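The values are calculated or read from the model by the stated rules, or taken from the named source; none is laboratory data. This is a predicted model, so every value here is computed, not measured. As a convention, Cβ positions derive from the backbone with ideal geometry for all residues, glycine included, and neighbour counts pool all protein chains shown.
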Amino acid sequence: REVIAELVVAVQAEYDGGHRGDAAPWLAQCQAWRERYPLGYETQEGTLAPQYVIERIGAIAGADATYVAGVGQHQMWAAHFVKYERPKSWINSGGLGTMGYAIPAAMGAKVGTPDAAVWAIDGDGCFQMTNQELATCALNAIPIKVAVINNSSLGMVRQWQTLFYDGRYSNTDLQSAARVPDFVKLAEALGCVGLRCDCAEDVDATITKAMEINDVPVVIDFVVNPDAMVWPMVAVGTSNDDVQIARDLKPEFDDDDL
């Protein structure tokens, strides 16, 4: 704590003295990596890719919207596949990993910017922690829009169990049979509009319908592929040099990159 306090004073002194860091070379390097390793995702016939859903939300809602996320795979995909063009348009709990963050944060964002569309991009696990606050939204005319990326599991933990525990899934399956809870019925019970989408052909129409409803909150249950994974990732106990850009696939860094 003392070191940080002294560092703040030292940095401020440098700044006051007219010293400015030149980030141009680093930004250029980051852009080169983006071009060499562009974002992408696999699709599986008969299932809905969560990345595609989030990509389309960003495209249809646009840069004027505010986007909020919970914690998990959906959070990483929202960071990757929505194109943010404004400061403070992307709000998420990036530090302590607070599951259940999206709904209350979206409420605050909507109250603060009532004329902007506010999308809470949430996972089905996170959503079940704070979805009761939708009643507050309905009663107080806070018409947020919620995209539940429903992979029927705690996806981030499930991904690790897939990759490092040979698919021995423990306490990650949330909906192995029936829809419990049924998010559409739950939304309606809380005074919201409930929608469901489970195929790529209906994604745009469902998002557009949600955008047209501005007097009550809207919840969309996007039923997505449970096997979709977040990339890149760094396995536990390894160096950032061991980052994987896909399963068992590492980037080929030049010596100058490291």
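Yes/no per residue for (1) under 25 Å from Gln128 (Cα atoms); (2) of a type in the set (S, T, N, Q); (3) outside the structural domain of Met99 (by TED's automatic domain parsing):
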position: Gln175; (1), (2), (3): yes, yes, no
position: Pro181; (1), (2), (3): yes, no, no
position: Ala187; (1), (2), (3): yes, no, no
position: Asp202; (1), (2), (3): yes, no, no
position: Lys209; (1), (2), (3): yes, no, no
position: Asp242; (1), (2), (3): no, no, yes
position: Phe253; (1), (2), (3): no, no, yes
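The set of residues in the stretch 35-53 that are within 11 Å of Val230 (Cα to Cα) and assigned to a helix (DSSP H, G or I) comprises Pro50, Gln51. Quick check: is even one residue across the stretch 179-198 among the aromatic types (Phe, Trp, Tyr) and assigned to a loop (DSSP other than H, G, I, E, B)? No, there is no match, as no residue in the stretch 179-198 is among the aromatic types (Phe, Trp, Tyr) and assigned to a loop (DSSP other than H, G, I, E, B).
Of Val111, Val148, all but one fail to be outside the structural domain of Gln244 (by TED's automatic domain parsing), crowded, with 24+ Cβ neighbours inside 10 Å and not basic (Lys, Arg); the exception is Val148.
Filter the stretch 237-251 down to residues that are free of Cβ contacts under 8 Å to residues at least 60 places away in the same chain and part of a loop (DSSP other than H, G, I, E, B) and give me whichever is surrounded by the most Cβ atoms within 10 Å (Cβ to Cβ). Checked the stretch 237-251; the qualifying residue surrounded by the most Cβ atoms within 10 Å (Cβ to Cβ) is Val243. Residue check: is Phe253 under 19 Å from the mean Cα position of the chain (by Cα) and aromatic (Phe, Trp, Tyr)? No, not satisfied. Taking the criterion of being among the acidic types (Asp, Glu), out of contact with any helix residue (DSSP H, G or I) (no Cβ under 6 Å at 6 or more places or on another chain) and within 21 Å of Leu174 (Cα to Cα), the only residue of the stretch 86-142 that qualifies is Asp124. Looking only at residues in the stretch 43-68 that are under 15 Å from the mean Cα position of the chain (by Cα) and under 20 Å from Arg247 (Cβ atoms), the one that is surrounded by the most Cβ atoms within 10 Å (Cβ to Cβ) is Pro50. Residue check: Gly40 meets all listed conditions (1) over 16 Å from Val203 (Cα atoms); (2) surrounded by 17 or more Cβ atoms within 10 Å (Cβ to Cβ); (3) small (Gly, Ala, Ser) but one, namely (2).
Within the stretch 12-32, can one find any residue that is closer than 30 Å to Val223 by Cβ and within 31 Å of the chain's Cα centre (by Cα)? No - not one qualifying residue is present in the stretch 12-32. For the stretch 7-27, the set of residues classified as surrounded by fewer than 10 Cβ atoms within 10 Å (Cβ to Cβ) and of a type in the set (Asp, Glu) consists of Asp16, Asp22, listed by residue number.
Any idea how many residues of the stretch 112-147 are of a type in the set (A, V, I, L, M, F, W, C), free of Cβ contacts under 8 Å to residues at least 60 places away in the same chain and not in a loop (DSSP other than H, G, I, E, B)?
7
Under the condition of being part of a helix (DSSP H, G or I) and of a type outside the set (Val, Ile, Thr), the residues counted in the stretch 1-31 number 18.
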